[in-house]
Structure formats: C-alpha cells, structure tokens
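Novice: Have a look at the structure that comes next, please.
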Amino acid sequence: MSGKAYLSISPDVKAALSAGKAVVALESTIITHGMPYPQNLSMAKEVEDVVRSTGAVPATIAIMDGRLCVGVSGEDLERLAQEGHAAAKASRRDVASLLASGTTAGTTVATTMQIASLAGIRVFATGGIGGVHRGAESSFDISADLEELGRTPVAVVCAGAKSILDIAKTLEVLETNGVPVLGFGTDHFPAFWARESGFGVDHRFDDAESVARMLAIQSDLDMGGVLIANPIPEADAWEASAIEGFITKALTDADEKGISGKATTPFLLQRIFELTEGKSLVSNIALVKNNARVAGDIAVALAKVQA
Ligand code: PSU
Ligand code: MN
C-alpha cells in the first residue's frame with residue numbers, strides 16, 4: 001500500500017490540486033501547542049482567509065482519526081484547537097504510531113512537509129521553524145525540521161527562527177543538510193519577533209515570481225526543501241534586545257522545571273506569552289499572516305511557472 005492511502009484530502013484542496021491550482025499547506029502544531037485557545041482557532045481561520053485572498057487554496061494539515069488530513073476545517077479544526085496540549089505533537093518519528101492508534105495530533109513543520117509532499121503540495125506557510133536549541137552541544141536537541149527540509153521538496157515560508165534557539169548553529173545545520181535559505185526582500189535572516197538576527201541569508205529574492213522560478217529549478221534538480229525567510233512586518237516587530245530578557249527568563253524556568261525534548265518549544269512559547277502579557281502572541285499572529293500572504297503569492301506564481 002502506498003503512503004497516499006492514508007491521506008484524507010478535503011474536496012476543495014483535491015479539486016485545486018487536480019486542476020494544477022495554487023495550494024498552501026498550513027501546519028497545526030502551531031494550533032495545538034503554539035498558541036492558547038481560542039486565539040489559536042481564530043488565528044487558524046484568519047490565516048486561511050489570507051491565503052484565499054491571494055488566490056491560493058489553504059490546506060491545514062493534521063493527523064486525526066487515523067488519517068493524514070489535508071484541508072482540516074469546520075468542526076475538525078475546532079476540535080483540534082480545543083484539544084490544544086491534550087493533542088499529540090507529531091514529529092516524523094510519531095506518524096505511524098499515531099495513525100495506528102487514531103490519536104489526534106498537531107503536525108510540526110517536519111511532519112506537515114512530509115504530508116504536504118505526499119499530497120502534492122509544494123508551498124507551506126508557518127510562523128517559525130524548529131532548529132538547534134541553545135545548549136545543543138550537551139542536550140543534542142536539534143529539531144527534525146532541519147532534516148526534513150533537507151529531504152522533502154516543499155518550500156517553507158517562515159519568519160526565521162526564534163532566538164529561543166541557537167540561530168548560528170541552526171543555519172550551520174541547514175547548510176550541512178543542503179537547504180537553501182532565501183531572504184524574501186531582505187539580506188538578513190530574521191529572528192521571528194525581530195526582523196534581524198545578526199546573520200545573513202544565502203540568497204535574496206525580492207518578488208514571488210523569482211522565488212517561483214528558483215523553486216521550479218530546485219524541483220527539477222530533485223534537491224529537497226527550501227526555506228524562505230520573511231521578516232515580521234515592521235509594525236509588529238520587537239527589537240531583539242527587548243525580547244531577549246524574556247527568552248532568557250523562559251529558558252531559566254525551563255531548566256529549573258527540567259523541561260526537555262518535545263515539551264521544550266511549547267513550554268518556551270507559553271512562558272514567553274505569559275512574560276510579555278500576551279504581546280508576543282499578537283506579533284506571532286501578525287507574522288504568520290504575513291507568511292501566509294507571501295506563501296500564497298509564491299504558490300500562485302509557481303502554478304503559473306508550472307502550467
Ligand atoms: N516555532 C515557533 N512556533 C511553533 C513551532 C516552532 O515559533 O509553534 C512548532 C513548529 O510546529 C515546529 C515545532 O515544527 O514547534 C518544532 O518543535 P521541536 O523543536 O520539538 O522540533
Ligand atoms: Mn527537539
């Protein structure tokens with residue numbers, strides 16, 4: 001049996017894919033583990049609307065009822081948002097077990113890429129990717145997102161990586177894995193809440209059409225994923241120095257509580273949300289929407305290039 005047998009694709013996404021129209025994948029760990037309810041639900045719906053406004057079809061991806069679901073909406077989306085941390089967080093190593101047990105799970109960037117690729121979706125929008133955690137030299141905590149980007153042919157539009165991570169090491173591992181890191185309208189690799197991280201990108205592209213041409217070539221050469229770094233809009237951005245104090249505090253708290261493994265990223269996000277009195281979430285939602293818009297434009301341009 002092929003992996004495709006486990007896919008449940010919604011009718012609108014299926015129709016768009018068979019017509020060669022633009023589709024944008026959206027992840028769901030951001031819904032279950034990245035934001036509190038009910039903001040997670042309204043964010044998920046708003047992000048889908050942003051994708052639609054570009055002419056592309058949104059496809060929220062999750063693992064539910066023993067199926068790889070592509071195009072989760074309505075009651076299913078509500079159920080996912082309400083479950084929150086009670087749902088599983090599905091990384092690549094969890095997928096088969098979760099399908100076997102029928103457990104509901106939000107899919108990480110790695111798993112969403114895997115499922116998107118199986119469904120034939122080439123463009124994906126998220127907030128920030130997972131990466132090399134600070135202290136990875138002793139914890140070995142390196143997100144599976146970085147491996148997946150190296151092997152799975154999906155373009156991921158993100159606002160860089162959070163500085164809860166070690167950005168220098170994250171960029172090194174991306175290079176090792178052969179992942180092109182493109183700056184969308186910037187020479188700087190962004191740091192999620194901040195527009196700059198102090199590190200550069202490999203190549204700068206200023207419009208969706210030129211990104212689409214690059215993606216078509218990457219795909220012809222069968223070379224795996226691409227990371228498109230799109231900085232948070234100016235109006236919602238933080239100075240790196242303004243957020244660093246909260247990050248340090250959250251990291252200390254995680255350490256004191258003995259948080260490790262897959263619990264680390266959700267714990268840090270939740271703690272920073274509390275420490276900033278919810279302000280980090282406002283920026284988080286703004287940057288996801290901004291990524292959805294750029295991903296939609298790129299998917300539309302890619303559909304034209306490949307028509
Ligand atoms: N970074 C964020 N928000 C998120 C995540 C990362 O800014 O919600 C989620 C994504 O789903 C990502 C996952 O794939 O966390 C990475 O988890 P880990 O570090 O355990 O690989
Ligand atoms: Mn990890």
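The values are calculated or read from the model by the stated rules, or taken from the named source; none is laboratory data. Only a predicted model underlies this, so the values are computations on that prediction, with no experimental measurement involved. A quick note on method: Cβ atoms are made from the backbone with ideal geometry, for glycine too, and the neighbour counts reach across all protein chains shown.
Novice: Only one residue in Gly224, Gly278 is buried (at least 18 other Cβ atoms within 10 Å of the Cβ) and on the phi > 0 side of the Ramachandran plot, so which one is that?
Specialist: Values: Gly278 fails: buried (at least 18 other Cβ atoms within 10 Å of the Cβ).
Just one listed residue meets the conditions, Gly224.
Novice: So, one more: For region 128-139, which residues satisfy the criterion of being more than 8 Å from ligand 1 (Cβ to nearest atom) and either in a helix (DSSP H, G or I) or within 12 Å of the chain's Cα centre (by Cα) (or both)? Outline the logic, then answer.
Specialist: At the first step, the residues of region 128-139 found to be more than 8 Å from ligand 1 (Cβ to nearest atom) are 132, 134-139.
Scanning region 128-139 gives Ala136, Glu137, Ser138, Ser139.
Novice: Show the residue pairs that are 6+ apart or on different chains and have beta-carbon atoms under 9 Å apart, the first residue being within region 87-102 and under 9 Å from Gly66 (Cα atoms), the second being at pLDDT 95 or above and in a helix (DSSP H, G or I).
Specialist: Cβ pairs passing all conditions: Leu99/Tyr6.
Novice: Across region 8-45, what is the total count of residues that are outside any helix (DSSP H, G or I) and under 20 Å from the mean Cα position of the chain (by Cα)?
Specialist: First, pick out the residues of region 8-45 that are outside any helix (DSSP H, G or I): 8-10, 19-28, 35-38.
Next, from what is left, pick out any that are under 20 Å from the mean Cα position of the chain (by Cα): 9, 22-28, 35-38.
Final tally of qualifying residues: 12.
Novice: Further, regarding this structure: Considering only residues of region 247-273 that are away from ligand 1 (no atom under 14 Å from the Cβ) and touching a helix residue (DSSP H, G or I) at 6+ places or on another chain (Cβ under 9 Å), which is farthest from Glu175 (Cα to Cα)?
Specialist: Of region 247-273, the ones away from ligand 1 (no atom under 14 Å from the Cβ) are 248-249, 252-253, 255-258.
Now drop any that are not touching a helix residue (DSSP H, G or I) at 6+ places or on another chain (Cβ under 9 Å), which leaves 249, 253, 257.
On the way: Lys249: 30, Asp253: 31, Lys257: 33 Å.
Checking each candidate, the answer is Lys257.
Novice: On the basis of being hydrophobic (A, V, I, L, M, F, W, C) and farther than 18 Å from Ile9 by Cβ, does Val47 make the cut? Spell out how you get there, then give the answer.
Specialist: Numbers: hydrophobic (A, V, I, L, M, F, W, C): yes; farther than 18 Å from Ile9 by Cβ: yes.
For Val47, the condition - hydrophobic (A, V, I, L, M, F, W, C) and farther than 18 Å from Ile9 by Cβ - is met.
Novice: If I ask for residues that are without any contact (Cβ under 8 Å) to a residue 60 or more places away in the chain, out of contact with any Phe, Trp or Tyr (no Cβ under 6 Å at 6 or more places or on another chain) and surrounded by 17 or more Cβ atoms within 10 Å (Cβ to Cβ), which ones from region 237-258 would you list? Write out each step before concluding.
Specialist: From region 237-258, those without any contact (Cβ under 8 Å) to a residue 60 or more places away in the chain are 237-239, 241-242, 245-246, 248-249, 252-258; that's our starting set.
Of the ones still in play, those that are also out of contact with any Phe, Trp or Tyr (no Cβ under 6 Å at 6 or more places or on another chain) are 237, 239, 241-242, 245-246, 248-249, 252-253, 255-258.
Across region 237-258, the qualifying residues are Ala237, Phe246.
Novice: Mind listing just one residue for me: the one in region 84-102 that is out of contact with any Asp or Glu (no Cβ under 9 Å at 6 or more places or on another chain) and not in a helix (DSSP H, G or I) and, of those, surrounded by the fewest Cβ atoms within 10 Å (Cβ to Cβ)? It would help to see each step written out before you state the result.
Specialist: Of the residues in region 84-102, the ones out of contact with any Asp or Glu (no Cβ under 9 Å at 6 or more places or on another chain) are 84-87, 89-90, 93-101.
The next check asks that each one be not in a helix (DSSP H, G or I); those that pass are 87, 89-90.
Details: Ala87: 24, Lys89: 21, Ala90: 30.
My answer is Lys89.
Novice: Identify, from the list Pro38, Pro11, Pro58, the residue that is touching an Asp or Glu at 6+ places or on another chain (Cβ under 9 Å) and away from ligand 1 (no atom under 16 Å from the Cβ). Walk me through it before giving the result.
Specialist: Values: Pro38 fails: touching an Asp or Glu at 6+ places or on another chain (Cβ under 9 Å); Pro11 fails: touching an Asp or Glu at 6+ places or on another chain (Cβ under 9 Å).
After ruling out the rest, the residue left standing is Pro58.
Novice: When residues of region 48-83 are filtered for being in a strand (DSSP E or B) and of a type outside the set (Val, Ile, Thr), how many remain? Break it down into steps so the answer makes sense when it comes.
Specialist: Narrowing region 48-83 to residues in a strand (DSSP E or B): 57-64, 67-70.
Next, only the ones that are of a type outside the set (Val, Ile, Thr) stay: 58-59, 62, 64, 67-69.
Matching residues across region 48-83 total 7.
Novice: I'm checking my understanding of the structure. Among residues of region 140-162 that are assigned to a loop (DSSP other than H, G, I, E, B) and of a type outside the set (S, T, N, Q), which one is nearest to ligand 2 (Cβ to nearest atom)?
Specialist: Our first condition is that a residue be assigned to a loop (DSSP other than H, G, I, E, B); within region 140-162, this holds for 140-141, 143-144, 152-154, 159, 161-162.
Cutting the leftovers down to of a type outside the set (S, T, N, Q) gives us 140-141, 144, 153-154, 159, 161-162.
Values: Phe140: 9, Asp141: 4, Ala144: 7, Pro153: 23, Val154: 20, Ala159: 19, Ala161: 13, Lys162: 13 Å.
Step by step, filter region 140-162, then rank; the result is Asp141.
Novice: Quick check: is even one residue across region 158-166 free of Cβ contacts under 8 Å to residues at least 12 places away in the same chain, farther than 28 Å from Ala301 by Cα and surrounded by fewer than 24 Cβ atoms within 10 Å (Cβ to Cβ)?
Specialist: At the first step, the residues of region 158-166 found to be free of Cβ contacts under 8 Å to residues at least 12 places away in the same chain are none.
No: region 158-166 contains no residue that is free of Cβ contacts under 8 Å to residues at least 12 places away in the same chain, farther than 28 Å from Ala301 by Cα and surrounded by fewer than 24 Cβ atoms within 10 Å (Cβ to Cβ).
This table checks each residue for (1) away from ligand 1 (no atom under 11 Å from the Cβ); (2) closer than 22 Å to Phe205 by Cβ; (3) of a type outside the set (A, V, I, L, M, F, W, C); (4) at pLDDT 95 or above.
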{"residue": "Lys89", "(1), (2), (3), (4)": "no, no, yes, yes"}
{"residue": "Ala100", "(1), (2), (3), (4)": "yes, no, no, yes"}
{"residue": "Thr112", "(1), (2), (3), (4)": "no, no, yes, yes"}
{"residue": "Thr126", "(1), (2), (3), (4)": "no, yes, yes, yes"}
{"residue": "Asp145", "(1), (2), (3), (4)": "no, yes, yes, yes"}
{"residue": "Thr152", "(1), (2), (3), (4)": "yes, yes, yes, yes"}
{"residue": "Val156", "(1), (2), (3), (4)": "no, yes, no, yes"}
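Novice: Additional query: Check whether at least one residue in region 221-233 is more than 20 Å from Arg151 (Cβ to Cβ) and touching an Asp or Glu at 6+ places or on another chain (Cβ under 9 Å), and report yes or no.
Specialist: Taking region 221-233 first, the residues more than 20 Å from Arg151 (Cβ to Cβ) are 230-233.
Subsequent filtering for residues that are touching an Asp or Glu at 6+ places or on another chain (Cβ under 9 Å) retains 231.
Within region 221-233, one or more residues are more than 20 Å from Arg151 (Cβ to Cβ) and touching an Asp or Glu at 6+ places or on another chain (Cβ under 9 Å).
Novice: So Val72 clears everything in (1) surrounded by fewer than 16 Cβ atoms within 10 Å (Cβ to Cβ); (2) in contact (Cβ under 8 Å) with a residue 60 or more places away in the chain except one condition, right? Which one?
Specialist: (1)
Novice: Can you name the number of the only condition in (1) within 23 Å of Lys45 (Cα to Cα); (2) under 12 Å from the mean Cα position of the chain (by Cα) that Thr104 fails?
Specialist: (2) is the only condition that Thr104 fails.
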